[in-house]
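Remarks on the structure that follows.
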Amino acid sequence: MTLTRRALLSLTLVVATLATARTMPRDDRGGLLLVANKGDQALGIIDPVEGRQVAAVPEGGVTGHEVIASPDGTRAFVPIYGDSGVGKPGSDGRTLAVIDLATKTVTGTIDFGKGVRPHCPVFGPKDGLLYVTTELDESVTVIDPTTLAIVGRVPTGQAESHMLAITRDGRKGYTANVGPGTVSVLDLEKRSTIAVIPISRTTQRISLSVDDRWAFTADQTAPRLIVIDTSVNAVARRIDLPAPGYGTAPTPDGRYLLVAVPSANKVAVIDFKSWIVERTIDVPPSPQEVLVRPDGKVAYVSCDVPGKVAAIRTSDWQVETIIDAGKAADGLAWAAQAR
């Protein structure tokens, strides 16, 4: 082959490769899906491309309900809650397990010093600190993820502060306080409580819209979702659901909110334009948490009773696959570029 022909062939291959790269849909194939398998007392690591759980890492405690990945995708943080449900008698967890996702081992432990039932971990998007709800302390505990040292606490002013959502600018936090049926609004910079918003006798879970304008929590006494206007810290509307809701997550494009509806074995899709349930999707029994992949193309739903994770395509709202996870699959997290 002459030099000219070889050069032309190389140029053709480069052009073809670039064209393919432009036309292939962007996805997050480099990431891993993490699931807290409560019944196994282990962190499940799922390969989303293969659609299977590839490892289960013992947490070393009873038991993790929620999980978050470090921003660089190398570690997972799993609070060890205890052996009971929120507000129920049982053991009071006091530690958090740090798991290396490459070696699939626990490489560190954070001790809160006493039983606090640590539950929901969230990374601050600006300061890089780890915020963890600590129910029995009526607080959110602040941790330096590098040193694994506790560096502060934010009071919630309420018992059973179970779940936490943080605004994109990292300045405010919102906790769902289960037994009191309230939402606490937190100033994370001043580490103080701004407001406490009454919701119902009991509430569960919390999430924020992509623009942080709305906070969502699920009334556990009626089949309805509560929408909070974060500009005034008050309930703005209530949305009817097929049955009481649970975990929620918005799509990254800001068009839809997905709501797990455990007793109906469904996921409800709410259109932000109409503020009504546009459709429902059948999933395995007792859906708990919803996590939308960063590219927005797939929503993962943990299903407690059968230990499954449903993967739903957001393009047509069809269940793409059902993944075998572990016993009592619950909390979900995405570890970006972990492989």
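The values are calculated or read from the model by the stated rules, or taken from the named source; none is laboratory data. Model, not experiment: these values are computed from the prediction. Methodologically, a virtual Cβ is constructed for each residue, glycine included, from the backbone with ideal geometry; neighbour enumeration extends over all protein chains shown. Heads up: the accessible areas ignore ligands, DNA and RNA and are worked out on the full protein's heavy atoms, side chains in. Shrake-Rupley method; radii C 1.70, N 1.55, O 1.52, S 1.80 Å.
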Give or take rounding to whole Å, what are the principal axis extents of the alpha carbon atoms in segment 26-165, in descending order?
-> 43, 34, 26
Degrees, to the nearest 10: 3-23 long Cα axis against longest axis of the chain = 30
Based solely on C-alpha atoms, express the radius of gyration and the Dmax of segment 123-204 in angstrom.
-> 12.0, 39
Hz values of 3J(HN,Hα) by residue in segment 87-104 - Karplus curve (6.51, -1.76, 1.60), Gly and Pro given as x = x, 9, x, x, 6, 10, x, 9, 10, 9, 8, 9, 10, 7, 6, 6, 8, 6
Given the options 134, 230, 95, which has the most mean-square fluctuation in a GNM of the chain, springs set between C-alpha atoms less than 10 angstrom apart?
-> 230
Per the rule of 0.36 nm per residue minus the C-alpha distance, extending residue 221 to residue 50 adds in nm 57.6 nm
Taking Cα atoms only, Rg over Rh for segment 117-166 with Rh from the Kirkwood formula is 0.95
Please report, in whole Å, how far the alpha carbons of segment 262-305 spread along each principal axis, starting with the longest.
-> 33, 24, 12
With the chain treated as a Gaussian network of Cα nodes joined by springs under 10 Å, which of 187, 316, 295 yields the largest mean-square fluctuation?
-> 316
From the cross-link list 88/126; 273/297; 172/327; 104/266; 126/327, which pairs have alpha carbons spaced over 25 Å apart?
-> 88/126; 172/327; 104/266; 126/327
Alpha-carbon radius of gyration plus Dmax, which is the widest Cα pair, for segment 206-339 in Å | 14.1, 43
Phi-derived 3J(HN,Hα) across segment 292-304 with the Karplus relation (6.51, -1.76, 1.60, θ = phi - 60°), rounded Hz, x for Gly and Pro, is 8, 4, x, 7, x, 8, 9, 10, 9, 10, 7, 10, 4
Where the Cα atoms of segment 168-263 are projected onto their three principal axes, how long is each span, largest first, in whole Å?
-> 39, 33, 19
Quick one: if you stick a label point 7 Å off each Cα along the C-beta vector at residue 271 and residue 190, how many nm between them?
-> 4.1
Under the Kirkwood approximation for Rh and a Cα-based Rg, what ratio Rg/Rh is obtained for the chain?
-> 1.02
If you put +1 on each Lys and Arg Cβ and -1 on each Asp and Glu Cβ, how big is the dipole of the chain around its Cα centre, in Debye rounded to 20?
-> 680
Sorting 127, 212 on solvent-accessible surface, 1.4 Å probe, most exposed first, gives 127, 212
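How much of the accessible area of the chain, probe 1.4 Å, is carbon plus sulfur, in whole percent? Each step should come with its number before you reach the end.
Numbers: 7320 of 14250 Å².
Percent of accessible area from carbon and sulfur atoms in the chain: 51.
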Calculate how large, on average over all directions, the projected area of the Cα convex hull of segment 292-339 is; give the answer in nm² to one decimal.
-> 3.6
